[in-house]
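*Asks:* This is the structure, below, for whatever I ask next.
The values are calculated or read from the model by the stated rules, or taken from the named source; none is laboratory data. Just so you know, these numbers come straight off a predicted model, no measurement behind them. Here the Cβ is made from the backbone with ideal geometry for all residues, glycine too, and neighbour counts use every protein chain on show.
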Amino acid sequence: MISILSVEIPYWGQTTFRVLGGLAAVLLPAGALVYIYLFKLMSFVQSRLGPMEAGPAGSLQLLAEVGKAFQKEDIFPRKADKLVFAAAPFVVLMSTFLLILVVPFGPDAWFVNLDTGIFFALAVSSVSVIGILMAGWASASKYSLLGGLRAAGQLIAYELPLVLAVMGVVIQAGTLNMQEIVYAQAEGEIFGISGIGNPFIITQFIGFAIFLIAMQAELTQPPFDMPVAESELVSGYMTEYSGIRFLLFFIGEFATAGVFSMIASVLFLGGWWVPGLDPDSNLFNILGPAVLFGKVMLVTFLIFWFRFTYPRFREDQLQKLAWKVLIPLSLVNIVATGILKVVF
Amino acid sequence: MIAALVAQAANPLTSSEFDIPENIAFAIIAGLMLFSAIKMVTTGNVMHAALYLVIVLAGVSALFILLGSDFVGATQIMVYIGAIIVLFLFGIMLTRAQMGDDDSVESERRTMGAIVGLLLMVVMGYALVDGFRNEELVFGEPEQVRYVVTEVALGDLPTPVRDAFDRFDGLPDSTMVELSEAEVEGLPIEVARRVPGAELFGNNKEIADSIFSQYIVAFEAVSVLLLAALIGAVVVARKE
């Protein structure tokens, strides 16, 4: 039985808290990312103002966009496979909500503390491919089908470097559990100096770089946006979607960006922990989510910076980068980490 | 074994060992899996069949997680849903991605399939019953902690661990203290995790231990088999 302020919470109460917490943890960062980066930073990069009318500095634009999507008709193409077409966005979003389960927000603030942690996260992140393929096929449109195929090919290719980049961290921390990975960084030391702990970005910098690149490709964000390339495929597997279902895909894209960044922060930046404070102190149960959010904003800044500044890859360049550069590099990283782990 | 289960089921209110929510969850998952499995072999559309298979495989994974072995459950998702089904869908979409029912799917070998399915069920059912003939089900938490570092400076203990023991109150940080195995086992699991040197008894460790000791030959043989398949694929795919 879990109790807060010595009030015991029944099982249904805990479940309600978990569901609400999960919704907040997925949707709030997604909203922040869309407003701060997609609306404002992108405008800044492109020398324009961005939304200015709704609310102060356009801060209510997001609500206006959601309201607009809710008003629109939910259109099904005549030849579409109704059930599969309707279910596809939910499958994509489900994968995001399963991902948030294993992210720790503080010493006691987590949804599920799985021993398998990061392995579970990598496994459920691959479920979104099914949703994308479902959308691509069920739309009964050539653009959607091509977009779906491209997306699947890309997601399969970049899942390997994503998994292999994590291996280095797992070897160094000696555990798959996300909470333990945070503790390993908080309590670790570099050559006997324990002032800043041992954030794995220092020792696993190659892993961090590969993880970020593979993450960008998994999110199908530019420069890896061939599956939704508007000049070639209208918008790929999302072409036939409108209104609320399109909104679900849109939320899925940015929510997944947020959750993947949380995982990257936990693996490489020390998660909810900041140097100088005892990782066991109760303070982190309140401070932790804010710290993690700050780190998420740092990681997503990199992602969106690349998104706004680099042109799109060609399909063959994309596959070449994954199979001939990232995978061999991450394998070398694993071997090196393994040797160093045994030596030190 | 079955008689014991039936006796427990008949008297669920007095038996503290019969987990009602777990059984309800099992019934829901199993029902969904059965429905999807039947729809998978009777549907007229190849794409639908593949998607029903996704539900069946997700159900298997859910059952593993329900039984507390999340590693096998996650592997199930990663290998079957994340790789094999995606490859199925990919292949179907590249070749015949037609909408609606496909007449050529109708097979005349249905009786044969039914017989094979029945035989497989009999063999697997027999193996299951034979394998656990007289075993009693063990309920409750497994042993949590394997071994403990016996001597540690009090200052090196994490605060929650230190707070859990009254006998450490008021002692200076440099005092060397011992935690016995029984003491660590008595701690709540979140605190026990933080004891230095405590090895948690988890599924991952068990699986790793058995793969790399007891089943090492089979494990290596499977790796070689996969490597052979990989090389074969490259040879077949090459143009010359």
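*Asks:* Are there helices (runs of 4 or more DSSP H) fully within the range B:1-86 with at least 3 residues that are at pLDDT 80 or above and within 30 Å of A:LEU101 (Cα to Cα)? List them.
*Replies:* B:20-42, B:46-66, B:70-76
*Asks:* Considering only the range A:163-175, state which residues are surrounded by fewer than 24 Cβ atoms within 10 Å (Cβ to Cβ) and hydrophobic (A, V, I, L, M, F, W, C).
*Replies:* Listed by number, the residues that qualify are A:VAL163, A:LEU164, A:MET167, A:VAL170, A:ILE171, A:ALA173.
*Asks:* Go over the candidates A:GLY131, A:GLY148 one by one and state the one that is in contact (Cβ under 8 Å) with a residue 12 or more places away in the chain, more than 15 Å from the chain's Cα centre (by Cα) and at the interface with another protein chain (Cβ under 8 Å from one of its Cβ atoms).
*Replies:* After applying the criteria, what remains is A:GLY148.
*Asks:* Among the residues of the range B:76-96, write down those that are more than 7 Å from every other protein chain (Cβ to nearest Cβ) and crowded, with 17+ Cβ neighbours inside 10 Å.
*Replies:* Correct list: B:GLN76, B:TYR80, B:PHE88, B:ILE92.
*Asks:* Still on this structure: Check the range B:152-171 and report whether any residue there is away from chain A (no Cβ under 14 Å) and modelled with pLDDT under 70.
*Replies:* So far as the range B:152-171 goes, no, none of its residues is away from chain A (no Cβ under 14 Å) and modelled with pLDDT under 70.
*Asks:* Kindly indicate the residue of the range A:76-90 that is more than 9 Å from every other protein chain (Cβ to nearest Cβ) and crowded, with 19+ Cβ neighbours inside 10 Å and also farthest from A:TRP272 (Cα to Cα) among those meeting that condition.
*Replies:* A:PHE85
*Asks:* Would you say A:PHE208 is closer than 13 Å to A:LEU267 by Cα and within 12 Å of another protein chain (Cβ to nearest Cβ)?
*Replies:* no
*Asks:* Still on this structure, please answer the following. Of everything in the range A:291-316 that's loosely packed, with under 12 Cβ neighbours inside 10 Å and part of a helix (DSSP H, G or I), which residue is farthest from the chain's Cα centre (by Cα)?
*Replies:* A:ASP316
*Asks:* Out of the residues in the range A:1-13 that are among the hydroxyl-bearing types (Ser, Thr, Tyr) and either under 16 Å from A:VAL259 (Cα atoms) or not in a loop (DSSP other than H, G, I, E, B) (or both), which is modelled with the highest pLDDT?
*Replies:* Among them, the one singled out is A:TYR11.
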